[in-house]
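Colleague: Handing you this structure, nothing more for now.
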Amino acid sequence: ASHDEIAMLEAAHKAEVISTRLRKLKKKAGRLRAEIRDMLFQAEALPDGSLRFYRKGTQQPGANGDGRTWRIKVGNFALKTDQLRMMGGGAVVGNIPRGLPAFSVPAFNVKVMIQLLPYAVIISLLGFMEAISIAKAMAAKTGQRLDPNQELIGQGLANVLGAMGKSYPVSGSFSRSAVNLQAGAVSGISSAFTSLAVVIVLLFFTPLLYHLPQAVLAAVIMMAVIGLINVSGFIHAWRAKWYDGAISIITFLATLAFAPHLDKGIMIGVVLSLGVFLYKSMRPSVATLARAEDNALRCAATHGLEECAYVAMVRFDGPLFFANATYLEDKITEIMLTKPKLKHIIIVANGINDIDASGEEMLSLLVDRVRSAGVGLSLSGINESVMTVFDRTHLRAKIGDDNLFATMEKAIAEVHSRTHEVGADHQCPLLTVCRLANAKN
């Protein structure tokens, strides 16, 4: 028993010794971690873009430093000497070349110009697109009138002059424009004074900007940009047309996601807007009209009005061209199938402000198809440009002047007498208000 007690005492002693050593090692490790955290480094940018680190104060004179103070990232786990991570904080503006660039006319090389032309076109379009979107935001904020042509001319001249100084392509800057507006600028004179201040700084004061923290510049830009966020604009667009509001929100979020590449967010907005425009152009509003309480001819489906069984008055809102010609044809065919007593169709062409060859050809075929089915066809409210196309293609002669009317009322007055027997339909929805039985007033 005494032998076991001695063994236990020896084991307890060894455990205590080990615990004491562990506590000392932990204290030492903590002290070393603190020393590592306090070690400061400076970085030198190498030609390949990588960084070489030196203990602060030991960097070679004339080295291309980035102006930041770096530390080794120390966590609570064991450090891997082959995978040390550096943290750099307090980024500053750094070195800014002093003086103005030397102006010279670029060499003209036709071969190089041909190679660069596609890229130059893309850059110019993106630059103008970004600048005009920024200008619209500023104009909406200040209530000023925006002239895109003047904006394009100014940007083009700036790029021509900038090329002589080897500058980057010139475009509008959202952040700088926001700061300029926040400072109280109301005219282009502010840009002239800004340019003069930049020239003076480049000539005499660039060393003073070396230690300017980039965080200060970021704060100035953020405070200026926040004032340009117009939430009510999104709400107004959504109330006007929900898809306009959705496009504006998607464009806003995409611009934030792709920052600082604002052109990508703008391109998404342009593509979405173009898609909606094409869809609306391919499927314009086609309405069958009837007489409403205000004595005007309005969409029967929207206002809960009965439609005439003998005469279909169809209004087409939009230019008639290749993309939507078949859509009108399908609607006319649908009306003919749903109205077995139909005798005449009046196409209200007030909204047709333009027509192309495909639209004219469709109308010509539609005249043949409708009349072969024993149904008459007339048009009202044709404008001069569309009538000119009808004259050139002899469609006017095919339709007949007795089926072309200046106004809807004249068309109804003439067609109604042809299609309605005396006393057969004294309650015609084209002449009097006839509401559907289940329609709400």
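The values are calculated or read from the model by the stated rules, or taken from the named source; none is laboratory data. Remember, it's a predicted structure, so these values are computed and weren't measured experimentally. In this analysis, Cβ positions are derived from the backbone assuming ideal geometry, glycine residues included, and neighbour counts consider all displayed protein chains.
Quick grid of which residues meet (1) at pLDDT 85 or above; (2) exposed (fewer than 14 other Cβ atoms within 10 Å of the Cβ); (3) of a type outside the set (Ser, Thr, Tyr); (4) outside any helix (DSSP H, G or I):
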site	(1), (2), (3), (4)
Leu100	no, yes, yes, yes
Val112	yes, yes, yes, no
Gln115	yes, yes, yes, no
Pro118	no, yes, yes, no
Leu126	no, no, yes, no
Lys141	no, yes, yes, no
Gly154	yes, no, yes, no
Leu157	yes, yes, yes, no
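Colleague: Residues to consider are Ala254, Ala197, Ala246, Ala192; find the one that is under 29 Å from Gly154 (Cα atoms), without any contact (Cβ under 8 Å) to a residue 40 or more places away in the chain and surrounded by 12 or more Cβ atoms within 10 Å (Cβ to Cβ). First the steps, then the outcome.
Modeller: On the way: Ala197 fails: surrounded by 12 or more Cβ atoms within 10 Å (Cβ to Cβ); Ala246 fails: under 29 Å from Gly154 (Cα atoms); Ala192 fails: surrounded by 12 or more Cβ atoms within 10 Å (Cβ to Cβ).
Ala254 is the lone residue from the list that is under 29 Å from Gly154 (Cα atoms), without any contact (Cβ under 8 Å) to a residue 40 or more places away in the chain and surrounded by 12 or more Cβ atoms within 10 Å (Cβ to Cβ).
Colleague: What about Ile229, is it β-branched (Val, Ile, Thr), free of Cβ contacts under 8 Å to residues at least 60 places away in the same chain and in a loop (DSSP other than H, G, I, E, B)? Reasoning before the result, please.
Modeller: Details: β-branched (Val, Ile, Thr): yes; free of Cβ contacts under 8 Å to residues at least 60 places away in the same chain: yes; in a loop (DSSP other than H, G, I, E, B): yes.
So Ile229 passes the test.
Colleague: Scan the stretch 200-229 residue by residue and report those that are more than 26 Å from Thr69 (Cα to Cα) and surrounded by 13 or more Cβ atoms within 10 Å (Cβ to Cβ). So that I can check it myself, show each step before the final result.
Modeller: So in the stretch 200-229, the residues more than 26 Å from Thr69 (Cα to Cα) come out as 200, 203-204, 223-229.
Matches in the stretch 200-229: Ala224, Val225, Leu228.
Colleague: Ok, one more. How many residues are under 26 Å from Leu209 (Cα atoms), part of a strand (DSSP E or B) and at pLDDT 75 or above if we restrict to the stretch 39-87?
Modeller: 15
Colleague: Return the residue satisfying two criteria in turn: it lies in the stretch 208-222 and is assigned to a helix (DSSP H, G or I) and touching a residue at least 12 places away in the same chain (Cβ under 8 Å), and of such residues it is nearest to Ala178 (Cα to Cα). Show your work before the answer.
Modeller: Looking only at the stretch 208-222, we keep the residues that are assigned to a helix (DSSP H, G or I), and these are 208-209, 214-222.
Now restrict to residues that are touching a residue at least 12 places away in the same chain (Cβ under 8 Å): 209, 214-215, 217, 220-221.
On the way: Leu209: 22, Gln214: 17, Ala215: 17, Leu217: 13, Val220: 10, Ile221: 7 Å.
Ranking the qualifying residues of the stretch 208-222, first place goes to Ile221.
Colleague: Within the stretch 110-130, is even one residue closer than 30 Å to Asn180 by Cα and among the acidic types (Asp, Glu)?
Modeller: Filtering the stretch 110-130 down to residues closer than 30 Å to Asn180 by Cα leaves 120-130.
Next, only the ones that are among the acidic types (Asp, Glu) stay: 130.
Among the residues of the stretch 110-130, at least one is closer than 30 Å to Asn180 by Cα and among the acidic types (Asp, Glu), which makes the answer yes.
Colleague: For the stretch 280-334, how many residues meet the condition of being assigned to a loop (DSSP other than H, G, I, E, B) and farther than 17 Å from His344 by Cα?
Modeller: Taking the stretch 280-334 and keeping what is assigned to a loop (DSSP other than H, G, I, E, B), we get 283-284, 292-296, 304, 306-310, 318-319, 321-324.
Next, only the ones that are farther than 17 Å from His344 by Cα stay: 283-284, 292-296, 304, 318-319, 321-324.
Counting residues in the stretch 280-334 that are assigned to a loop (DSSP other than H, G, I, E, B) and farther than 17 Å from His344 by Cα gives 14.
Colleague: Which of (1) surrounded by 14 or more Cβ atoms within 10 Å (Cβ to Cβ); (2) part of a loop (DSSP other than H, G, I, E, B); (3) over 29 Å from the mean Cα position of the chain (by Cα) does Ala185 not meet, given it meets every other one?
Modeller: Going through (1) surrounded by 14 or more Cβ atoms within 10 Å (Cβ to Cβ); (2) part of a loop (DSSP other than H, G, I, E, B); (3) over 29 Å from the mean Cα position of the chain (by Cα) one by one, Ala185 breaks only (3).
Colleague: Say whether the condition of being within 27 Å of the chain's Cα centre (by Cα), over 19 Å from Asp263 (Cβ atoms) and either part of a loop (DSSP other than H, G, I, E, B) or of a type outside the set (A, V, I, L, M) (or both) is met by at least one residue in the stretch 188-197.
Modeller: Quick first cut of the stretch 188-197, residues within 27 Å of the chain's Cα centre (by Cα) only: 188, 191.
Subset that is over 19 Å from Asp263 (Cβ atoms): 188, 191.
If we keep only those that are either part of a loop (DSSP other than H, G, I, E, B) or of a type outside the set (A, V, I, L, M) (or both) as well, we get 188, 191.
Looking for residues that are within 27 Å of the chain's Cα centre (by Cα), over 19 Å from Asp263 (Cβ atoms) and either part of a loop (DSSP other than H, G, I, E, B) or of a type outside the set (A, V, I, L, M) (or both), one finds at least one in the stretch 188-197, hence yes.
Colleague: Please determine whether any residue of the stretch 44-65 is more than 24 Å from Gly94 (Cα to Cα) and surrounded by 10 or more Cβ atoms within 10 Å (Cβ to Cβ). Can you show your working first?
Modeller: Looking only at the stretch 44-65, we keep the residues that are more than 24 Å from Gly94 (Cα to Cα), and these are none.
Within the stretch 44-65, not a single residue is more than 24 Å from Gly94 (Cα to Cα) and surrounded by 10 or more Cβ atoms within 10 Å (Cβ to Cβ).
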